[in-house]
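Participant: Structure in structure tokens, see below.
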Amino acid sequence: MDSGASSPDILVDISDLHFHRGGRPIFRGVDVRIPKGTVTAIMGPSGTGKTTLLRLIGGQLRPHRGVVRFAGQDVHALGHGALYRLRRSMGMLFQTGALFTHLSVFENVAFPLREHTQLPEPLLRDLVLMKLEAVGLRGARDMMPGELSGGMGRRVALARAIALDPDMIMYDEPFTGQDPISMGALVKLIRTLNDALGLTSVIVSHDVAETARIADLIYVISDGRVVDSGTPQALMESKSEWVRQFMHGLPDGPVPFHYPGPELVSDLLERR
Amino acid sequence: MLGLLARLGATTISSFQRLGRGTFFLARVLTGLHSLLPRPGLVIAQVYSIGVLSLVIIVVSGIFVGAVLALQGYNTLVNFGAEDALGVLVALSLLRELGPVVTALLFAGRAGSALTAEIGLMKTTEQLSGMEMMAVDPLRRVIAPRLLAGFVSMPLLAAMFSFLGIMGAYVVGVGALGLDGGAYWSQMQDAVDFRDDVMNGVIKSLVFGFVASWIAVFEGYDCVPTSEGVSSATTRTVVHTSLAVLGLDFVLTAVMFG
């Protein structure tokens with residue numbers, strides 16, 4: 001097993017990552033280092049492969065070149081059994097929540113515990129209720145996923161993600177489609193859980209304001225490469241015009257408002 | 001013409017790729033089957049979902065197929081004064097052919113399509129990915145119990161179908177058409193061989209159960225994760241299973257009775 005050469009303070013070390021899908025390059029030499037105990041955000045425009053990066057970290061996809069190390073272990077050099085053991089140290093919150101629709105809220109959170117432990121039922125019940133209490137949904141334990149709002153669904157998924165007390169949680173677009181109250185609750189939860197449980201959090205998002213509020217470190221990815229990285233404050237004042245346009249949400253700049261095309265006048269005057 | 005050839009080539013390559021993926025998928029599922037040994041409850045729950053919930057359509061179809069066989073068979077046999085052989089005709093038709101084949105076709109429509117849609121939707125809503133990230137292998141937790149349950153359920157359903165078909169034919173032949181009940185059963189007992197007729201039918205239904213379940217779970221697992229993708233996969237399950245069952249039935253019949 002590869003013990004790697006990462007610093008002990010680095011939980012995830014991605015180096016020279018190349019990945020393409022159907023001939024289209026997604027990553028062309030990405031280097032990302034995620035320090036332990038931090039909330040690190042991976043940001044970038046839609047379609048830049050942020051979710052793909054999480055799947056590469058989790059070993060669900062294989063890179064075409066480069067190495068992804070988690071806690072010093074080369075994720076893609078592990079066999080089936082070792083990879084599944086490693087995943088017990090990771091939690092992932094999917095954009096859709098990915099709750100099991102045929103199980104109640106309680107059973108969804110109990111699922112990983114039932115699969116990986118032989119805990120007696122009273123202890124398992126207490127653990128599940130504690131996880132649900134942490135996300136404020138102990139009272140919703142008997143509800144079915146179909147009865148939950150989008151925000152509640154993600155909080156249940158979060159309770160499930162922390163059920164096995166992982167070292168790291170990956171959040172895939174946690175704020176998309178949330179109302180302001182749910183958004184506020186999620187932002188607070190991510191930061192609080194990270195600090196209270198001693199986790200490392202990786203957030204993939206393009207919601208700049210919310211992410212910048214809680215992130216310690218931000219990587220901005222575009223066109224298959226890391227364009228810039230640093231603290232939220234540093235990126236807000238980045239020398240790169242593109243990064244400033246992205247971080248401040250400006251409609252025009254290096255990324256033009258208009259998609260390239262012929263002149264408007266010539267288009268309008270064109271006769272069929 | 002060139003375009004047609006290109007499309008034909010592309011379709012052929014794609015079919016072989018799919019077959020390769022399906023075989024690789026099956027190998028991965030079969031190597032994980034041992035993980036079900038300590039958890040028989042997972043398979044039993046699926047036997048209920050796949051087998052028990054299919055009983056209504058099997059029971060109704062079995063009775064009516066038997067009843068129709070009796071009507072049609074009687075009308076032909078009576079011309080030769082051989083109407084007492086109705087029981088033999090019905091039993092051999094059901095045990096050798098109709099039981100396994102019709103059950104498999106009904107299974108594809110009722111349980112196979114449901115399996116594909118369920119697994120496809122789990123994939124579309126990232127439930128399978130979620131399971132992987134919870135360090136639970138979906139091939140072992142979701143796919144293997146369903147494959148095994150389909151394999152176990154099919155011969156039981158086919159046996160039920162054949163039994164009810166024979167009873168349906170008895171009601172029509174003896175009850176409505178006035179045949180002698182003793183002749184119906186005794187001729188059947190004389191003509192039906194346990195190994196040649198009953199066991200060959202069971203072997204057929206085991207093969208059909210395995211193939212139908214494999215196609216159903218593979219199509220769900222391999223589908224494009226969109227609503228259209230799930231819909232196409234469900235259709236493919238019914239079509240491919242039906243064609244596979246009919247083709248395999250010919251091969252098995254040729255080997256067993258040819």
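The values are calculated or read from the model by the stated rules, or taken from the named source; none is laboratory data. None of these values were measured; they are calculated from a predicted model. Neighbour counts are summed over all protein chains in view; Cβ atoms, including those assigned to glycine, are modelled from backbone coordinates with ideal geometry. When the accessible area is computed, the model is the full protein with side chains, heavy atoms only, and any ligands, DNA or RNA have been set aside. Shrake-Rupley method; radii C 1.70, N 1.55, O 1.52, S 1.80 Å.
Participant: In degrees between 0 and 90, to the nearest 10, how far off the longest principal axis of chain A does helix A:105-116 point, with axes built from Cα atoms?
Facilitator: The helix A:105-116 is inclined about 80 degrees to chain A.
Participant: Pull out a ≥ b ≥ c, the square roots of the eigenvalues of the alpha-carbon gyration tensor of the stretch B:1-120, then state rounded if a/c is under 1.5, prolate if not and a/b is larger than b/c, and oblate in the remaining case.
Facilitator: In terms of gyration-tensor shape, oblate.
Participant: If you put +1 on each Lys and Arg Cβ and -1 on each Asp and Glu Cβ, how big is the dipole of the stretch A:38-139 around its Cα centre, in Debye rounded to 20?
Facilitator: Dipole magnitude for the stretch A:38-139 comes out near 400 debye.
Participant: Moving on. Sum up the charges of everything whose Cβ sits under 11 Å from the Cβ of residue A:95, counting Lys and Arg as +1 and Asp and Glu as -1, but leave residue A:95 out.
Facilitator: Residues close to residue A:95 contribute a combined charge of -1.
Participant: Roughly speaking, what is the stretch gain from residue A:142 to residue A:237, that is 0.36 nm per residue apart minus the C-alpha to C-alpha distance, in nm to one decimal?
Facilitator: 29.4 nm
Participant: Right, something else. With chain A treated as a Gaussian network of Cα nodes joined by springs under 10 Å, which of A:76, A:64, A:258 yields the largest mean-square fluctuation?
Facilitator: In this elastic network of chain A, the residue with the biggest mean-square fluctuation among A:76, A:64, A:258 is A:258.
Participant: Take the solvent-accessible surface of the protein heavy atoms, probe 1.4 Å, and return the percent of it on the stretch A:1-80 that carbon and sulfur atoms account for.
Facilitator: 50
Participant: Shifting gears a bit: What are the residues of the stretch B:132-158 that lose 20 Å² or more of accessible area, with a 1.4 Å probe, going from their chain alone to all protein chains?
Facilitator: B:132, B:133, B:134, B:135, B:136, B:137, B:141
Participant: Quick one: work out the % antiparallel among DSSP beta bridges in the protein assembly as shown, nearest 5.
Facilitator: Antiparallel bridges make up about 55 percent of those DSSP assigns within the protein assembly as shown.
Participant: Give, as a single signed number, the net charge of other residues whose beta carbon lies under 14 Å from the beta carbon of residue A:142, with Lys and Arg counted +1 and Asp and Glu -1.
Facilitator: +1
Participant: Can you name the helices of chain B, as whole DSSP H runs, whose Cα span along the helix axis is 27 Å or more and whose Kyte-Doolittle mean is not below 1.6?
Facilitator: Correct list, ordered by number: B:55-77.
Participant: Follow-up. Kindly express, to the nearest 10 degrees and within the range 0 to 90, the angle between helix A:121-134's C-alpha long axis and the longest C-alpha principal axis of chain A.
Facilitator: 40
Participant: I'd like the FRET efficiency for residue B:97 and residue B:60, computed as 1/(1 + (r/R0)^6) with the beta carbon distance as r and R0 of 22 Å, rounded to 0.05.
Facilitator: Plugging the Cβ-Cβ distance into 1/(1 + (r/R0)^6) gives 0.70.
Participant: For residue A:209 paired with residue A:51, estimate the spin-label separation in nm (one decimal), with each label point 7 Å from Cα along the Cα-to-Cβ line.
Facilitator: For the pair residue A:209/residue A:51, the computed spacing is 2.4 nm.
Participant: Could you work out the helix-only [θ] at 222 nm for chain A, with each DSSP H run of four or more residues adding -39,500 (n - 2.57) and the total divided by the number of residues, to the nearest 500 deg cm²/dmol?
Facilitator: -10500 deg cm²/dmol
Participant: Total accessible area buried between chains B and A, 1.4 Å probe, in Å² to the nearest 100?
Facilitator: Between B and A, the summed buried area is about 1700 Å².
Participant: If you take the beta carbon distance between residue B:176 and residue B:17 as r and set R0 to 35 Å, what does 1/(1 + (r/R0)^6) give as a FRET efficiency, to the nearest 0.05?
Facilitator: That gives a FRET efficiency of 0.05.
Participant: When the Cα centres of the stretch B:68-121 and the stretch B:8-28 are compared, how far apart do they sit, in Å?
Facilitator: Taking the Cα centre of each part, the stretch B:68-121 and the stretch B:8-28 sit 32 Å apart.
Participant: How much area per residue is accessible in the protein assembly as shown when the probe is 1.4 Å and only protein heavy atoms are counted (Å²)?
Facilitator: Accessible surface, normalised per residue, equals 48 Å².
Participant: Of the candidates A:248, A:80, A:20, which one comes out as most mobile in a Gaussian network treatment of chain A with C-alpha springs shorter than 10 Å?
Facilitator: Largest GNM mean-square fluctuation: A:80.
Participant: Highest GNM mean-square fluctuation, chain A, Cα pairs closer than 10 Å: which of A:46, A:15, A:205?
Facilitator: Evaluated over chain A, the most mobile residue of the options is A:46.
Participant: Related question: Checking the cross-link filter: which lysines have an alpha carbon closer than 29 Å to that of residue A:50, excluding same-chain neighbours under 8 positions apart?
Facilitator: Filter leaves A:36, A:131, A:188, A:239, B:123.
Participant: Is the shape of the stretch A:46-123 rounded, prolate or oblate, going by the alpha carbon gyration tensor and its root eigenvalues a ≥ b ≥ c, with a/c under 1.5 for rounded and a/b larger than b/c for prolate?
Facilitator: Cα axes put the stretch A:46-123 in the oblate bin.
Participant: Given R₀ = 35 Å, what would the calculated FRET efficiency be for residue B:75 paired with residue B:246, taking r from the Cβ atoms and rounding to 0.05?
Facilitator: Plugging the Cβ-Cβ distance into 1/(1 + (r/R0)^6) gives 0.85.
Participant: Largest first, how would B:231, A:182 line up by accessible area (1.4 Å probe)?
Facilitator: Reading off the accessible areas and sorting them downward yields B:231, A:182.
Participant: Below 13 angstrom from the Cβ of residue B:88, what's the summed charge of the other residues (Lys, Arg +1; Asp, Glu -1)?
Facilitator: Within the 13 Å Cβ shell, the charges total -4.
Participant: Considering only DSSP beta bridges whose two residues both sit in chain A, what percent are antiparallel, to the nearest 5?
Facilitator: Counting DSSP beta bridges with both partners in chain A, the antiparallel share is about 55 percent.
Participant: Follow-up. Taking the Cα-to-Cβ direction at residue B:193 and at residue B:4 and moving 7 Å from each Cα, how far apart do the two end points lie in nm?
Facilitator: 4.9
Participant: Averaging sequence separations of C-alpha pairs under 8 Å and six or more residues apart, then dividing by the length of chain B, give the relative contact order as a whole percent.
Facilitator: Value for chain B: 32 percent.
Participant: Moving on. How high is the relative contact order of the stretch B:85-234, in percent, with contacts defined as C-alpha pairs under 8 Å that are six or more residues apart?
Facilitator: Once divided by the residue count of the stretch B:85-234, the mean separation gives 50 percent.
Participant: Label residue A:125 and residue A:20 with points 7 Å out from Cα along Cα→Cβ: what is the distance between them in nm?
Facilitator: Each label point is offset 7 Å from its Cα along the Cβ direction, giving 5.7 nm.
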